[in-house]
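Each remark here refers to the structure printed beneath this line.
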């Protein structure tokens with residue numbers, strides 16, 4: 001049985017213990033993309049463009065796997081809180097079977113996806129290079145399933161260091177791998193974008209290997225691991241992961257798709273508009289990382305409390321998550337509103353682009369505050385294993401409100417590119433506001449209900 005915290009201060013310490021490795025790991029994963037971009041840019045413009053296009057093709061597939069595997073964390077967190085150790089042990093092989101299943105689906109899709117590039121109007125050489133990059137990354141996607149299965153198994157227990165160690169080592173390993181395969185080293189020829197894909201795939205497998213070795217050798221995890229014997233797939237267990245995980249994976253996929261669609265629409269307004277939009281979006285993305293770490297840690301702690309039938313503990317975990325979220329989002333808002341010119345100067349020296357980017361950062365600041373409500377609410381509901389409603393709320397908010405409203409304000413009714421770019425951000429803010437409101441109302445109702453009893457510890 002998980003030990004219950006007795007105060008909000010204690011709960012905040014527990015949340016920080018789980019959350020800071022998640023923050024470190026997610027920052028390392030984001031940094032990998034930044035390094036890829038910088039090194040590819042030094043090799044050639046077409047290789048940079050090829051990787052940028054390819055990244056937006058394989059990233060949604062990656063997010064599907066991530067979201068689907070997240071379900072195991074919610075299941076294990078409640079089992080941990082209820083003291084169901086054997087059930088935790090039994091869960092890992094089934095999570096790995098799901099990982100294998102997903103790999104058999106997404107890896108071939110990724111490998112074959114370059115066939116559609118010629119229909120996008122992309123330069124022939126860029127399309128060729130992008131296809132080579134994507135096909136190499138496809139070989140690394142099966143490792144992602146293994147990685148996520150182990151990550152969420154340990155995260156559900158409340159141990160996040162394996163994820164952090166593997167992600168950080170993978171980040172640092174990716175740098176020399178990029179150098180060798182992009183620019184060439186010894187007998188290895190320079191391969192540009194294709195080489196970056198090879199380096200990415202190797203890094204994925206390396207991270208999977210590291211987290212496997214780490215988990216198998218960490219003493220505090222041994223009691224939660226199954227014996228080294230073959231385990232047949234359990235249709236019931238696999239179904240529970242897929243049913244819970246599909247809405248999460250679909251949400252991540254479609255959210256990424258809508259933001260990609262908005263970027264493509266903004267690009268029709270000209271280089272200044274898309275450049276300023278990308279700056280604002282990139283800045284928001286950096287501040288989004290700590291919010292995801294808070295949400296993941298909070299969901300784990302809430303899951304523990306739900307499994308232990310500790311309703312005050314559920315409220316304490318939620319309160320701790322809200323406090324951290326308000327602190328991060330408020331600090332972000334102050335920084336974006338106080339130092340917009342300094343932030344923008346890091347990205348561009350163009351006067352026109354800088355003026356528009358500064359304007360868009362004010363929208364990004366408001367977006368961060370409102371989005372914090374959605375993040376806290378969505379992760380809280382996932383702790384209850386309620387994943388369908390956040391999916392519905394996100395789809396309504398982004399696809400039925402944000403995208404159409406952004407198109408109307410940004411394309412149909414704007415007089416200039418600056419107002420057009422701002423119009424899309426207004427659409428995004430209205431959309432996330434609707435999602436936040438829907439999820440908050442639903443969560444309040446859920447919190448008033450008795451805790452689910454299907455994961456009570458056996459007498």
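Descriptive notes on the structure:
- Restricting attention to segment 317-354, the residues being without any contact (Cβ under 8 Å) to a residue 40 or more places away in the chain and surrounded by fewer than 19 Cβ atoms within 10 Å (Cβ to Cβ) number 14.
- Meets criteria (in contact (Cβ under 8 Å) with a residue 24 or more places away in the chain, in contact with a helix residue (DSSP H, G or I) (Cβ under 6 Å, 6 or more places away or on another chain) and farther than 28 Å from residue 271 by Cβ) for residue 383: yes
- The set of residues in segment 368-399 that are surrounded by fewer than 20 Cβ atoms within 10 Å (Cβ to Cβ) and within 13 Å of residue 262 (Cα to Cα) contains only 399.
- Of the residues making up segment 129-142, those that are under 30 Å from residue 224 (Cα atoms) and crowded, with 22+ Cβ neighbours inside 10 Å are 140, 141.
- Residue within segment 173-191 that is more than 30 Å from residue 127 (Cβ to Cβ), part of a helix (DSSP H, G or I) and touching a residue at least 24 places away in the same chain (Cβ under 8 Å) present: no
- Per this entry, residue 375 is not counted among residues that are closer than 20 Å to residue 270 by Cα and under 21 Å from the mean Cα position of the chain (by Cα).
- Residue 79 being assigned to a helix (DSSP H, G or I), modelled with pLDDT of 85 or more, under 24 Å from residue 145 (Cβ atoms) and out of contact with any helix residue (DSSP H, G or I) (no Cβ under 6 Å at 6 or more places or on another chain): no
- Test: residue 174 is within 21 Å of the chain's Cα centre (by Cα) and either loosely packed, with under 14 Cβ neighbours inside 10 Å or closer than 18 Å to residue 27 by Cα (or both): yes
- Residue within segment 4-25 that is more than 17 Å from the chain's Cα centre (by Cα), buried (at least 22 other Cβ atoms within 10 Å of the Cβ), at pLDDT below 90 and in a helix (DSSP H, G or I) present: no
- The condition of being in a helix (DSSP H, G or I), in the same structural domain as residue 403 (by TED's automatic domain parsing) and crowded, with 20+ Cβ neighbours inside 10 Å holds for only one of 275, 261, that being 275.
- Qualifying positions in segment 220-236 - closer than 18 Å to residue 155 by Cβ, assigned to a helix (DSSP H, G or I) and either modelled with pLDDT of 90 or more or outside the structural domain of residue 149 (by TED's automatic domain parsing) (or both): 221, 222, 223, 224
- Those helices (runs of 4 or more DSSP H) lying entirely in segment 322-400 with at least 3 residues assigned by TED's automatic domain parsing to the domain that holds residue 291 and within 18 Å of residue 299 (Cβ to Cβ): 351-383, 388-395
For (1) closer than 29 Å to residue 222 by Cα; (2) within 24 Å of the chain's Cα centre (by Cα), each residue gets a yes or a no:
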| residue | (1), (2) |
| --- | --- |
| 57 | no, yes |
| 100 | yes, yes |
| 103 | yes, yes |
| 106 | no, yes |
| 111 | no, yes |
| 117 | no, no |
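- Qualifying residue in segment 201-219 (condition: modelled with pLDDT of 90 or more and in a loop (DSSP other than H, G, I, E, B)): no
- Of the candidates 61, 101, 96, 112, the single residue that is assigned to a helix (DSSP H, G or I) and buried (at least 21 other Cβ atoms within 10 Å of the Cβ) is 61.
- Unmet requirement for residue 159, which otherwise passes all of (1) outside any helix (DSSP H, G or I); (2) under 23 Å from residue 259 (Cα atoms): (2)
- Only one entry in 131, 156 is in the same structural domain as residue 77 (by TED's automatic domain parsing), at pLDDT below 95 and within 19 Å of residue 68 (Cβ to Cβ), namely 156.
The values are calculated or read from the model by the stated rules, or taken from the named source; none is laboratory data. The structure presented is a predicted model; accordingly, all values stated were derived computationally and were not measured. Cβ atoms come from the backbone with ideal geometry, glycine included; neighbour counts cover every protein chain shown.
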